[in-house]
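Heads up: the structure comes next, in structure tokens.
The values are calculated or read from the model by the stated rules, or taken from the named source; none is laboratory data. Since we're looking at a predicted model, the values are computed, not measured. Heads up, the Cβs are rebuilt from the backbone with ideal geometry, glycines too, and the neighbour counts pull from every protein chain shown.
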Amino acid sequence: MTFIEHLEELRKRLLWSLAAILICFIVTYNFSKRIFEFLMKPIIVNLPEGSTLIFTRPAEGFTTYLKVGFFAALVVALPFILYQAWRFVAPALYKHEKQVAIPFIVFGTIFFGLGAGFCYFIAAPPAFKFLLSEYTSEYVKAFPTIGEALSFFMALIFGFGLVFEFPLIVFVLAKLGMVNSNMLKRKRRYAIVICAIAAAIITPTTDAFSMVLMLVPLIVFYELGIIVAAIFGKKKEEVASLEEKSTTV
């Protein structure tokens, strides 16, 4: 394809993805109140006595439910969006690379869901209990606004979802021969520093407790990535052979 044809193809995939999100949004917005109550449960149950969620701007309730509907639509449409991304890059992939793409889409969606679930059920409740209760006193009460609470929690869920994708990314790169366990072991010291920086960026707050909640899974999954690369990684000779076969087909 020419450069203009690539842009046209990208435009086509983006429009299909936006259309999928819009269709899902029409459905999810009707359930936005229930979804919001479900999402806010880890915050609500850990609010100190006398505290509650509030909104301070006239349109904040309306815009918050719009965000809820959009986030839900994005999650529902995620497999289709990943499929469109694959359709865009598929013509540039070798045959053995295409075989990895579909499992990556399927398991990428599953792992993101596992990360979001880990955040919602395990990491978030103690984090909210600490953040909302530690600094509450007789004269200081927590009254989070619904818009800020939603944005905070969505950033946390999105961050954990990305973290859980790391072993899968290592699996794909190892299958393609781009990384191996020895290389990951040699770069461990640098990886820990990068993980700390990433945790500080991804974490939506500046407190050390929330950063540690993000940093520990990052380090654990890096170590898991080393094991994955050792088990599933291909030798460079195998990758070269596969590429040679792909070009001859």
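Data table
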item: Residue identified as assigned by TED's automatic domain parsing to the domain that holds Glu60, modelled with pLDDT under 85 and out of contact with any Asp or Glu (no Cβ under 8 Å at 6 or more places or on another chain) among Glu134, Glu148; result: Glu134
item: Of the criteria (1) over 29 Å from Pro126 (Cβ atoms); (2) of a type outside the set (Lys, Arg); (3) free of Cβ contacts under 8 Å to residues at least 60 places away in the same chain, which one Ser17 fails; result: (3)
item: Positions within segment 179-188 being without any contact (Cβ under 8 Å) to a residue 40 or more places away in the chain and either buried (at least 18 other Cβ atoms within 10 Å of the Cβ) or within 23 Å of the chain's Cα centre (by Cα) (or both), in sequence order; result: Arg188
item: Elements of type helices (runs of 4 or more DSSP H) contained in segment 102-178, each with 1 or more residues being touching a Pro at 6+ places or on another chain (Cβ under 7 Å) and buried (at least 16 other Cβ atoms within 10 Å of the Cβ); result: 124-133, 146-163
item: Residue in segment 189-212 that is nearest to Pro125 (Cα to Cα), counting only those that are in contact (Cβ under 8 Å) with a residue 40 or more places away in the chain and out of contact with any Pro (no Cβ under 8 Å at 6 or more places or on another chain); result: Phe209
item: Members of segment 149-198 found to be of a type in the set (A, V, I, L, M, F, W, C) and farther than 25 Å from Thr109 by Cβ, listed by number; result: Ala149, Met183, Ala191, Ile192, Val193, Ile194, Ala196, Ile197
item: Test: Leu7 is assigned by TED's automatic domain parsing to the domain that holds Pro144, over 30 Å from Ala90 (Cβ atoms) and of a type in the set (A, V, I, L, M, F, W, C); result: no
item: Check on Phe112, under 24 Å from Gly161 (Cα atoms), at pLDDT below 90 and in the same structural domain as Phe152 (by TED's automatic domain parsing); result: yes
item: Failed condition for Lys67, given (1) of a type in the set (Lys, Arg); (2) within 18 Å of the chain's Cα centre (by Cα); (3) farther than 25 Å from Glu37 by Cβ; result: (3)
